[in-house]
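Each remark here refers to the structure printed beneath this line.
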Amino acid sequence: MAETRGKELNPDPSQNGKVAAEFQIRYRQYLDGTANLVGEPPDFARNRDTMISLYRAMTLTRTFDSKAIALQRTGQLGTYPSCAGQEAIGIGYASAMTDRDVMLTTYREQPAQIWRGVTLTELLQFWGGDERGCDFAVPREDFPVAVPIASQAPHAVGIATAFKLRRERRVAVCALGDGATSKGDFYESVNLAGVWRLPVVFIVINNNWAISLPREKQTAAKTLAQKAIAGGIPGVQIDGNDIIAARQVTGEAIERARDGGGASIVEAITYRMGDHTTADDASRYRREELVSAAWKLDPLARLRAYLANRNWWTKADEEKLIAECREKVDLAVKEYLAIPPPSPASMFDHLFETLPAAMQWQRKQFAGG
Amino acid sequence: MVGAIAMALGRAMQDDARVILVGEDIGANGGVFRATDGLLERFGEERVMDTPLAETVLAGMSVGLAAQGFRPVTEFQFMGFIYPALDQVINHAGRLRNRTRGRLSCPLVFRAPMGAGIHAPEHHSESTEALFAHIPGIRVVIPSSPARAYGLLLSSIADPDPVMFFEPTRLYRAQKEEVEDNGQGLPLDVCYVLREGTDITLVTWGAVVKETLSAAQQLAAEGISAEVIDVATVSPIDFDTILSSVEKTGRLVIIHEAPRNCGIGAEIAARVAERGLLFLQAPVERVTAPDAVVPLLRLEKAYMPDEMRIMEAARRVVNYS
């Protein structure tokens, strides 16, 4: 017994144990860290208008993000999770979806929400502590962000089941973080999505940090994409700060799901530039050099360089865009600050479609009458 | 009762194409208690869906299906195995409507067998309904007879909000009651007065309704007229019915199979203290399971409230001076 204890689980192939199955995880990237093209880019990357529209959305998101942090710091917003550095993957997968698809995300996915049509005012309203901010005018079927980690993955599976049962060519897109891949919710969902061949795509936003726990302490797995393998679905790893890869590869996964090909996982490697939330101080657990190194791979700067290299973008364009974004954000802030708080009695108004008679007395106590 | 449940499920599926069943072993096997017996043959695999063995995704996918307009009725094999789904019940099913201000809703039913008394293995005899009654945004319904199982289940499925529907296993095969498959639901959120009386109010629900009714009958022979109320929807509680009964009788005993501490009996007693103290002619008593882990089968009879304990409590309360 003692002799076998230290030995490899996989015995010498010459003696016993043919290969039962083999797997590989590919890494995909089109735009490297210095904004140079790696290999042949997809068609949309040659389209000036498309690439500029992606850049504009990423810039708007970042402008919004800085403003939100400032609002929190001055007591005008609740706890807020910065999405700085994650704009490419968010805008990437959101722009690969159709309006009819349904998105389910963790918090920190403001880039995707903004692309999908959630207004800046609605986002501020939610993070400012008002449920009405989740009653998006569009997209009506998207879920509000899930704060409990990975708990939206089972919902995505249910929504994909609904699409499949109704034979609709729609896809549920579920974004979650690196920490979420350690949770049972995620495994259970990947497993069911695989065995039922559901039209769902799991986007793992690997920003290297689950609050204070770095990626290398989260799992011994070499990649997070390989967690697909146990569920019998494909997994791929991409450079999540490369907008071209982000949009192209998530798009392939989404269209594959739409065409009946089933679920898959896309692991997007990015970096959380800011604190976990405004209630966190990352300097307690992460060295500043790591963050400055990550800024060198900033997705916005990379796309800006790509546009500039093609003479699609000038300094004047940039200045104009920044001014526009600031104006939009300021307008949203003004709107948000002008919204009166909900009435205390409204705590009861959406608990049930109709408040049970047995609870009316409680509502009256809060209705101030 | 299990036949009435299968009948209600079949009826709901026949009347409403949005109703689908999900759960473990509910298809070819017809459910571990046969509550879905024959439904796979009748409605096919797309409406009776066997899932992998994973309660979190079972609950969470039901939330997704419900948000998309389906009416999932999800079977958890036992109340003791529903706990992995608590995150979904509390954080999502119970608040999806609220957190989206009504944009999305969650019309689903989570069914689970509950309670002791069938000599089942460990973890198969739970009565933890109070855990669920504490959660805002969901209803908790417990039938006590085949007819009420049929009617309350139909209403729970038709309800636009999430319902936890707990079925006492002890009643599954206990009563022979003809239930007509008339498609008629019974109202939720109301107590059912099963027996009228003037001397004492016995408030209960679930399997122990049987022992309470039997105790009431024997008390009548002693000259004690007991009113028996089946709460049925244990959250939210129709407290007005209980209070008017206590106003009439002046005496109250609450009987439940669940442990005593923070049980639903405590809530009922507290509300009587708040609103009906001056009606009372004697202290309120509770007949409950002890605050102990449900024992394995050799002790389960000692654990559950029985007729003797109910009658003793009723006599003490009636003879209080």
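The values are calculated or read from the model by the stated rules, or taken from the named source; none is laboratory data. Please read these numbers as outputs of a predicted model, since none were measured by experiment. We place every Cβ from the backbone using ideal geometry, glycine too, and count neighbours over all the protein chains shown.
Counting only strands (runs of 3 or more DSSP E) that sit wholly inside segment B:135-240, those with at least 1 residues that are touching a helix residue (DSSP H, G or I) at 6+ places or on another chain (Cβ under 7 Å) and buried (at least 24 other Cβ atoms within 10 Å of the Cβ) are B:139-141, B:163-168, B:200-204, B:226-230, B:233-235.
Tell me whether segment A:276-293 contains one or more residues that are of a type in the set (A, V, I, L, M, F, W, C) and without any contact (Cβ under 8 Å) to a residue 12 or more places away in the chain. Within segment A:276-293, one or more residues are of a type in the set (A, V, I, L, M, F, W, C) and without any contact (Cβ under 8 Å) to a residue 12 or more places away in the chain. Checking segment A:321-339 against the condition returns a match, with at least one residue being under 27 Å from A:Trp127 (Cβ atoms), within 14 Å of chain B (Cβ to nearest Cβ) and at pLDDT 95 or above. Of the residues making up segment B:160-213, those that are among the aliphatic types (A, V, I, L, M) and closer than 29 Å to B:Arg71 by Cα number 8.
Under 27 Å from A:Ile114 (Cα atoms) and either of a type in the set (Ser, Thr, Tyr) or not assigned by TED's automatic domain parsing to the domain that holds A:Arg116 (or both): is that true of A:Ser151 in this structure? Considered against the rule, which asks whether it is under 27 Å from A:Ile114 (Cα atoms) and either of a type in the set (Ser, Thr, Tyr) or not assigned by TED's automatic domain parsing to the domain that holds A:Arg116 (or both), A:Ser151 comes out as yes. Within segment B:102-146, being within 14 Å of another protein chain (Cβ to nearest Cβ) and among the polar types (S, T, N, Q) holds for one residue alone: B:Ser105. Selection within segment A:168-182: residues that are of a type outside the set (Asp, Glu) and closer than 17 Å to B:Gly64 by Cβ. The member of this set that is nearest to the other protein chains (Cβ to nearest Cβ) is A:Ala172. Checking A:Ala137, A:Ala153 one by one, the residue that is farther than 30 Å from B:Glu45 by Cβ, at the interface with chain B (Cβ under 10 Å from one of its Cβ atoms) and small (Gly, Ala, Ser) is A:Ala137 and no other. When segment B:33-75 is filtered for residues that are surrounded by fewer than 24 Cβ atoms within 10 Å (Cβ to Cβ), away from chain A (no Cβ under 14 Å) and under 18 Å from A:Val157 (Cβ atoms), nothing remains. Which members of segment B:76-86 meet the condition of being surrounded by fewer than 22 Cβ atoms within 10 Å (Cβ to Cβ) and part of a helix (DSSP H, G or I)? Residues satisfying the conditions are B:Gly80, B:Phe81, B:Tyr83, B:Pro84, B:Leu86. Confirm whether A:Arg140 is part of a loop (DSSP other than H, G, I, E, B) and under 25 Å from A:Leu297 (Cβ atoms). Spelling it out, it is not the case that A:Arg140 is part of a loop (DSSP other than H, G, I, E, B) and under 25 Å from A:Leu297 (Cβ atoms). The set of residues from segment B:77-101 being at the interface with another protein chain (Cβ under 9 Å from one of its Cβ atoms) and polar (S, T, N, Q) comprises B:Gln88, B:Asn91, B:Asn98, B:Thr100. Test A:Ala112 against the criterion of being hydrophobic (A, V, I, L, M, F, W, C), touching an Asp or Glu at 6+ places or on another chain (Cβ under 6 Å) and modelled with pLDDT of 95 or more, and give yes or no. No.
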